[in-house]
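Here the structure comes first, spelled out in structure tokens, and everything after it is commentary.
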Amino acid sequence: MSRITTNELAKGLDALGKRLDAFGERLGAEIRSVREDLGKEIRSVRQDLGAEIQTNRRRSEVLNEELRSEIRLVADGLQGHREETAREFKAVRAELSETRAEFRLWFSDLDRRIRS
């Protein structure tokens, strides 16, 4: 087996160091490139997402306004129904009062005939 001299070992380590330095530079360049590409992609996604959020917000506002209008229509209809029901209820009460008065008149006449 041959022995490696100190000089040969130094040269080999120096060559290995240069290769590692070159690899580090290539790796650093690749990382920077990926970082730039990723940054661009993130900015693009942010812009697209922001635009989509604005679109959805506008759609939501339109839908909310439509819903408010429909709720107002229903509320107005219910109020009208309530007023109509109150009028009908008053009319029924008036008819019941008239009917009671007639019954009292009839029964008072009957009661007089029975007692006499």
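No lab work stands behind these numbers, since they all come straight from the coordinates. All of these numbers come straight from a predicted model, not from anything done at the bench. Virtual Cβ from ideal backbone geometry, glycine too; neighbours counted across all protein chains shown.
Numbers below:
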read-out	value
HN-Hα J in Hz across the stretch 3-9 - Karplus 6.51, -1.76, 1.60, θ = phi - 60°, x for Gly and Pro	9, 8, 7, 4, 5, 5, 5
Taking 60, 2 and counting other C-beta atoms within 10 Å, the order from fewest to most	2, 60
Shape metrics for the chain, restricted to C-alpha atoms - Rg then Dmax, Å	48.0, 155
Cβ charges +1 (Lys, Arg) and -1 (Asp, Glu), total dipole of the stretch 1-82, debye	200 debye
Selection from 9, 56, 27, by position along the positive dipole direction of the stretch 1-82 (Cβ)	9
